[in-house]
Amino acid sequence: AQTVTQSQPEMSVQEAETVTLSCTYDTSESDYYLFWYKQPPSRQMILVIRQEAYKQQNATENRFSVNFQKAAKSFSLKISDSQLGDAAMYFCATLAPYSQKLVFGQGTRLTINP
Amino acid sequence: DAGVIQSPRHEVTEMGQEVTLRCKPISGHDYLFWYRQTMMRGLELLIYFNNNVPIDDSGMPEDRFSAKMPNASFSTLKIQPSEPRDSAVYFCASSDDRYNSPLHFGNGTRLTVT
């Protein structure tokens, strides 16, 4: 079974600075997918970024990038130039190949200080 | 594209009453998922459908919970009878049939059982 652990229940950062959210996971699969979702106060889950485990290059989406360390089973999210709109719960998730079952971590609440 | 549409947005009911949550997936999506979010357990997959057929309902907590998908554009999650511990946010999500395509979530239904 796959598990996802987010060890930081809460994080805060000053506006315009950089913050890194941690995520570790456990899986017996050699190939899988990893995701970061954002949940703002509006409650909707929004896909931020995803990474295929077979790709060594770290995924990036504008100000969002990941540091994927496959051997360490680590998948951290870096947010550069933090903006007030980035304030939200962030969930790390993993998906096994040929499976539609997304397994989520417990989430990290990110606060942006103006 | 209107996204995944859930109704109602909020539901307050008394213990013992029947509750029905509704979901309209994105047109053309073959997969539909029901998730439950609580503070204690985070996001849990309850059940998912492929082409209107239930594929995995191992996450459904009890026989009091049932889900149906009578057609490609509509699904319901029913709780009967409801209990206070069912209070949570229930999300519906959909995805297309491309390998490991991302989930698109609705805004969720916040259920409170008193």
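The values are calculated or read from the model by the stated rules, or taken from the named source; none is laboratory data. None of the values given here were measured: they were computed from a predicted structure. Glycine also receives a Cβ, built like all others from the backbone with ideal geometry; neighbour counts cover every protein chain displayed.
Answer yes or no: is there a residue in the range A:47-60 that is under 25 Å from A:Gln14 (Cα atoms) and touching a residue at least 60 places away in the same chain (Cβ under 8 Å).
The answer is no; no qualifying residue exists.
Select from the range B:51-68 the residues that are surrounded by fewer than 16 Cβ atoms within 10 Å (Cβ to Cβ) and within 10 Å of chain A (Cβ to nearest Cβ) and list them in ascending order.
B:Ile55, B:Ser58
Could you tell me which numbered condition B:Arg41 fails, if it satisfies all but one of (1) modelled with pLDDT of 95 or more; (2) of a type in the set (Lys, Arg); (3) surrounded by fewer than 17 Cβ atoms within 10 Å (Cβ to Cβ)?
Just one mismatch for B:Arg41, condition (1).
Looking at A:Leu77, A:Leu95, A:Leu102, which one is of a type in the set (A, V, I, L, M) and away from chain B (no Cβ under 11 Å)? Quick ask: steps written out before the conclusion?
Numbers: A:Leu95 fails: away from chain B (no Cβ under 11 Å); A:Leu102 fails: away from chain B (no Cβ under 11 Å).
Matching residue, one of A:Leu77, A:Leu95, A:Leu102: A:Leu77.
Here are A:Ile79, A:Ile46, A:Ile112: which of them is closer than 27 Å to B:Phe49 by Cα and either surrounded by fewer than 17 Cβ atoms within 10 Å (Cβ to Cβ) or at pLDDT 95 or above (or both)?
On the way: A:Ile79 fails: closer than 27 Å to B:Phe49 by Cα; A:Ile112 fails: closer than 27 Å to B:Phe49 by Cα.
Of A:Ile79, A:Ile46, A:Ile112, the one residue that is closer than 27 Å to B:Phe49 by Cα and either surrounded by fewer than 17 Cβ atoms within 10 Å (Cβ to Cβ) or at pLDDT 95 or above (or both) is A:Ile46.
Checking B:Ile26 against (1) closer than 25 Å to A:Gln106 by Cα; (2) β-branched (Val, Ile, Thr); (3) not in a strand (DSSP E or B), which test does it fail?
Tallying (1) closer than 25 Å to A:Gln106 by Cα; (2) β-branched (Val, Ile, Thr); (3) not in a strand (DSSP E or B), B:Ile26 fails exactly one: (1).
Has the range B:69-81 got any residue that is at negative phi and at the interface with chain A (Cβ under 10 Å from one of its Cβ atoms)?
Quick first cut of the range B:69-81, residues at negative phi only: B:69-81.
Filter again for at the interface with chain A (Cβ under 10 Å from one of its Cβ atoms), leaving none.
Taking every residue of the range B:69-81 in turn, none turns out to be at negative phi and at the interface with chain A (Cβ under 10 Å from one of its Cβ atoms).
Could you please find all residues in the range B:11-38 being of a type in the set (D, E, K, R), surrounded by 13 or more Cβ atoms within 10 Å (Cβ to Cβ) and away from chain A (no Cβ under 12 Å)? Reasoning before the result, please.
First pass over the range B:11-38, keeping only residues of a type in the set (D, E, K, R): B:11, B:14, B:18, B:22, B:24, B:30, B:36.
Then keep just the ones that are surrounded by 13 or more Cβ atoms within 10 Å (Cβ to Cβ); that gives B:11, B:22, B:24, B:30, B:36.
Listed by number, the residues that qualify are B:Glu11, B:Arg22, B:Lys24.
Counting only residues that are in a strand (DSSP E or B), closer than 17 Å to B:Tyr31 by Cβ and of a type in the set (Gly, Ala, Ser), how many does the range A:71-114 have?
Residues flagged as in a strand (DSSP E or B), closer than 17 Å to B:Tyr31 by Cβ and of a type in the set (Gly, Ala, Ser) within the range A:71-114 amount to 1.
Please specify each residue of the range A:1-53 satisfying the condition of being of a type in the set (Gly, Ala, Ser) and in contact with an Asp or Glu (Cβ under 9 Å, 6 or more places away or on another chain). Steps first, answer last, please.
Looking only at the range A:1-53, we keep the residues that are of a type in the set (Gly, Ala, Ser), and these are A:1, A:7, A:12, A:16, A:22, A:28, A:30, A:42, A:53.
Of everything in the range A:1-53, those that are of a type in the set (Gly, Ala, Ser) and in contact with an Asp or Glu (Cβ under 9 Å, 6 or more places away or on another chain) turn out to be A:Ala1, A:Ala16, A:Ala53.
Examine the range A:27-37 for a residue that is within 11 Å of another protein chain (Cβ to nearest Cβ), out of contact with any strand residue (DSSP E or B) (no Cβ under 6 Å at 6 or more places or on another chain), loosely packed, with under 15 Cβ neighbours inside 10 Å and within 28 Å of B:Gly59 (Cα to Cα), and state whether such a residue exists.
For the range A:27-37, residues within 11 Å of another protein chain (Cβ to nearest Cβ), out of contact with any strand residue (DSSP E or B) (no Cβ under 6 Å at 6 or more places or on another chain), loosely packed, with under 15 Cβ neighbours inside 10 Å and within 28 Å of B:Gly59 (Cα to Cα): present.
Tell me which residues, restricted to the range B:37-73, are more than 18 Å from B:Arg85 (Cβ to Cβ) and in a loop (DSSP other than H, G, I, E, B).
Hits for the range B:37-73 are B:Asn51, B:Asn52, B:Asp57, B:Ser58, B:Ala72, B:Ser73.
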